[in-house]
1. Taking θ as phi - 60°, what are the ³J(HN,Hα) couplings along region 84-95 by the Karplus curve (6.51, -1.76, 1.60), each to the nearest whole Hz, with x for Gly and Pro?
2. Given the Cα-Cα distance of THR31 and GLU46 and 0.36 nm per residue of separation, how much length would full extension add, in nm?
3. Under a plain spin-label model, where a point goes 7 Å from the Cα along Cα-to-Cβ, how far apart in nm are GLN82 and LYS65?
4. Any idea how far apart ASP73 and SER120 come out in nm if each label point goes 7 Å out from Cα toward Cβ?
5. Please give every one of the lysines within straight-line cross-link reach of LYS76, meaning a C-alpha to C-alpha distance under 19 Å, and leave out same-chain neighbours fewer than 8 residues apart.
6. Residue by residue through region 60-68, which ³J(HN,Hα) values in whole Hz follow from phi under the Karplus form 6.51 cos²θ - 1.76 cosθ + 1.60 (θ = phi - 60°), with glycine and proline marked x?
7. Express the carbon and sulfur contribution to the solvent-accessible surface of the chain as a percent, rounded to the nearest whole number, probe 1.4 angstrom.
8. Build a GNM of the chain with springs between Cα atoms under 10 Å: which of PRO41, PRO53, PRO88 gets the top mean-square fluctuation?
Amino acid sequence: QVQLVESGGGLVQAGGSLRLSCVASGRTFSTYGLGWFRQAPGKEREFVAYINPRGDISPYADSVKGRFTVSRDNAKNTLYLQMNNLKPDDTAVYFCRADVVIGFNVNNYWGQGTQVTVSS
């Protein structure tokens, strides 16, 4: 029902910055909870950041606090992740997730992911 497309990943030097985007389909984007997750090779997918429909931001993962900022632009159906002072440990595939309320249920939708590689 909801299609999500991430972009903005790439190769960057340690200490550099990237901004990831996630564009979602749907006419009720402003009602979606939105999150970023990442998965490094051989590791489990982990939470990075979350922003609710009101724009309230949940505590970031400890590993990214002070460096990453999540935001949303409801007029553009877009979720962002600004990543500053990148470290090699940030290397992972980054996924966005939309939490969509349908009736009394909440469905989770995932994008395909975008690769972020941080070199030292």
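1. 10, 6, 5, 10, x, 5, 7, 4, 4, 8, 9, 10
2. Values: separation 15, 0.36 × 15 = 5.40 nm, distance 2.34 nm.
Residue separation times 0.36 nm, minus the Cα-Cα distance, leaves 3.1 nm.
3. Those two pseudo-labels are separated by 2.0 nm.
4. 3.6
5. Output for LYS76: empty list, no partners.
6. 6, 4, 4, 5, 10, 4, x, 10, 10
7. Values: 3140 of 6430 Å².
The nonpolar share, carbon plus sulfur, comes to 49 percent.
8. PRO41
The values are calculated or read from the model by the stated rules, or taken from the named source; none is laboratory data. Model, not experiment: these values are computed from the prediction. FYI the Cβ positions are ideal-geometry reconstructions off the backbone, even for glycines, and counts take in every protein chain you see. Heavy atoms of the whole protein, side chains included, go into the accessibility calculation; ligands, DNA and RNA do not. Shrake-Rupley method; radii C 1.70, N 1.55, O 1.52, S 1.80 Å.
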